[in-house]
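Let me begin by presenting the structure, written as C-alpha cells, before commenting on it.
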Amino acid sequence: MNPEPLRIVVIEDETPAADRLISLIRAVRPGTEVLAQPDSVEESVAWFLTNPAPDLVFMDIHLADGISFAIFEAVPITAPVIFTTAYDQYALRAFSVNSLDYLLKPVDPDELARALHKHHQRLPLSPVNVQALLQALQPARQYQERFLVKVGDQYKYLTTDDIAYLIADEGTVWLVNREARRFPTDLTLEQLEQQLDPRLFFRINRQCMVRHTAILRIHAWFNSRLKLDLVPELPGETIVSRDRVAAFKGWLSR
C-alpha cells in the first residue's frame with residue numbers, strides 16, 4: 001500500500017536548498033503538499049501560531065534570524081521534526097537521545113527515503129527538549145576563546161570575556177571591550193557569528209553582535225523592533241531588527 005501524500009512545512013533560509021529538498025521529497029512521496037516555507041524563526045513562530053499542525057516538519061538549524069531551537073521555546077510543535085543541518089556526525093549524536101531524525105547537508109536521497117520511511121512506520125518521536133539538545137551539542141563544538149589583535153605596532157590577546165559587542169563600520173569589523181576600546185579584525189561578522197558561543201553572543205542586526213552582559217536596558221521601539229542600551233554605550237541607536245526580535249527574546253530567555 002502506497003503511503004498517502006504528505007502535508008509538510010519546510011523551514012530553510014536558503015531558497016536553493018529548500019527547492020532541492022522539496023524536489024527530493026516529492027520524488028519519494030509524490031503529491032507532497034508544501035504548506036509553508038518560512039525562512040526565519042519569527043516567520044515560523046507566526047505560522048505555527050495560526051495554522052494546524054502539518055504531517056511533518058523539515059527544519060534547518062541555522063536560520064536568517066537565529067537558531068531554529070528558539071521556535072520550540074516560543075510555540076508548541078506537535079508535528080514530528082526532521083532536522084537538516086551541516087553539523088558533523090559527532091555533534092549529531094545529540095539528536096539520537098531525543099529520538100529525532102536528521103539529514104546531513106547536502107541531503108542524500110537515500111537518507112531522505114530512510115527518514116520518510118521512519119515517519120511512515122509511525123515510529124515514536126519524543127518531544128523536543130531544547131536544553132538537552134543545546135547541552136549535548138556544546139561539547140562537540142569548540143568556540144573561540146580569544147583573539148589576537150593589533151595595538152599600535154604590538155599584538156595582544158583579547159579574550160571573548162572582554163568583548164562587549166562587535167560592530168561593522170565602514171568596511172571594518174571592530175571588537176569593542178568593556179572599556180569601550182575598539183580593536184579591528186580582518187574577520188566578517190558572519191565568520192565571527194560562527195566562531196563565538198551563541199549562548200553568549202547574538203547578532204541583532206546586519207552591523208552589530210552583542211554579548212548578553214553588555215545589555216543594560218531593552219525598550220520597545222517602532223515597527224515591532226527593540227532598542228538596546230549597551231554598556232559601554234554605543235553611539236547612535238542600537239536596534240534589534242524586526243526579523244530577529246523573536247529569536248532575540250528566545251535567546252535572552254534561555
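The values are calculated or read from the model by the stated rules, or taken from the named source; none is laboratory data. All of these numbers come straight from a predicted model, not from anything done at the bench. Neighbour counts are summed over all protein chains in view; Cβ atoms, including those assigned to glycine, are modelled from backbone coordinates with ideal geometry. Accessible surface areas use protein heavy atoms only, side chains included; no ligands, DNA or RNA. Shrake-Rupley method; radii C 1.70, N 1.55, O 1.52, S 1.80 Å.
Of all the residues in region 32-71, those that are open to solvent by 10 Å² or more (accessible area, probe 1.4 Å), of a type outside the set (Val, Ile, Thr), touching a Pro at 6+ places or on another chain (Cβ under 9 Å) and closer than 30 Å to LEU189 by Cα number 5. Listed by first and then second residue, the pairs with beta-carbon distance under 6 Å, at least 6 apart or on different chains, first residue in region 15-29 and closer than 12 Å to ASP60 by Cα, second surrounded by 12 or more Cβ atoms within 10 Å (Cβ to Cβ) and at pLDDT below 90, are LEU21/VAL107.
When region 225-254 is limited to residues that are touching a Phe, Trp or Tyr at 6+ places or on another chain (Cβ under 8 Å), aliphatic (A, V, I, L, M) and without any contact (Cβ under 8 Å) to a residue 40 or more places away in the chain, the one that is farthest from ILE204 (Cα to Cα) turns out to be LEU226.
Only a single criterion out of (1) in contact with a Ser or Thr (Cβ under 9 Å, 6 or more places away or on another chain); (2) modelled with pLDDT under 95 is not satisfied by PRO235, namely (1). In region 156-254, counting only strands (runs of 3 or more DSSP E) that sit wholly within it, the ones holding 2 or more residues that are within 20 Å of the chain's Cα centre (by Cα) span 163-169, 201-203, 208-211, 238-240. Restricted to region 105-115, and to residues there that are more than 14 Å from ALA18 (Cα to Cα) and among the hydrophobic types (A, V, I, L, M, F, W, C), the residue that is modelled with the highest pLDDT is ALA113.
Residues checked against (1) touching a Lys or Arg at 6+ places or on another chain (Cβ under 9 Å); (2) in a loop (DSSP other than H, G, I, E, B); (3) modelled with pLDDT under 90; (4) within 28 Å of ARG203 (Cα to Cα):
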position: ILE22; (1), (2), (3), (4): no, no, no, no
position: VAL34; (1), (2), (3), (4): yes, no, no, no
position: TRP47; (1), (2), (3), (4): no, no, no, yes
position: ILE71; (1), (2), (3), (4): no, no, yes, yes
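Restricting attention to region 184-204, does a residue exist that is on the phi < 0 side of the Ramachandran plot, in contact with a helix residue (DSSP H, G or I) (Cβ under 8 Å, 6 or more places away or on another chain), among the charged types (D, E, K, R) and without any contact (Cβ under 8 Å) to a residue 24 or more places away in the chain? Lay out the reasoning, then the answer.
Kept after step one, since they are on the phi < 0 side of the Ramachandran plot, are these residues of region 184-204: 184-204.
Retained after the next criterion (residues that are in contact with a helix residue (DSSP H, G or I) (Cβ under 8 Å, 6 or more places away or on another chain)): 185, 187, 196-204.
Imposing the further condition that a residue be among the charged types (D, E, K, R) reduces the set to 197, 199, 203.
Imposing the further condition that a residue be without any contact (Cβ under 8 Å) to a residue 24 or more places away in the chain reduces the set to none.
Among the residues of region 184-204, not one is on the phi < 0 side of the Ramachandran plot, in contact with a helix residue (DSSP H, G or I) (Cβ under 8 Å, 6 or more places away or on another chain), among the charged types (D, E, K, R) and without any contact (Cβ under 8 Å) to a residue 24 or more places away in the chain, which makes the answer no.
Looking across region 14-57, the residues that are in contact with a Leu (Cβ under 6 Å, 6 or more places away or on another chain) and closer than 23 Å to LYS118 by Cβ come down to LEU24, VAL28, ARG29, THR32, PRO54, ASP55, LEU56.
Has region 146-154 got at least one residue that is of a type outside the set (Lys, Arg), surrounded by 14 or more Cβ atoms within 10 Å (Cβ to Cβ) and closer than 29 Å to ALA246 by Cβ? The answer is no; no qualifying residue exists. Among the conditions (1) open to solvent by less than 30 Å² (accessible area, probe 1.4 Å); (2) over 28 Å from GLN142 (Cβ atoms), the only one that ASP197 does not satisfy is (2).
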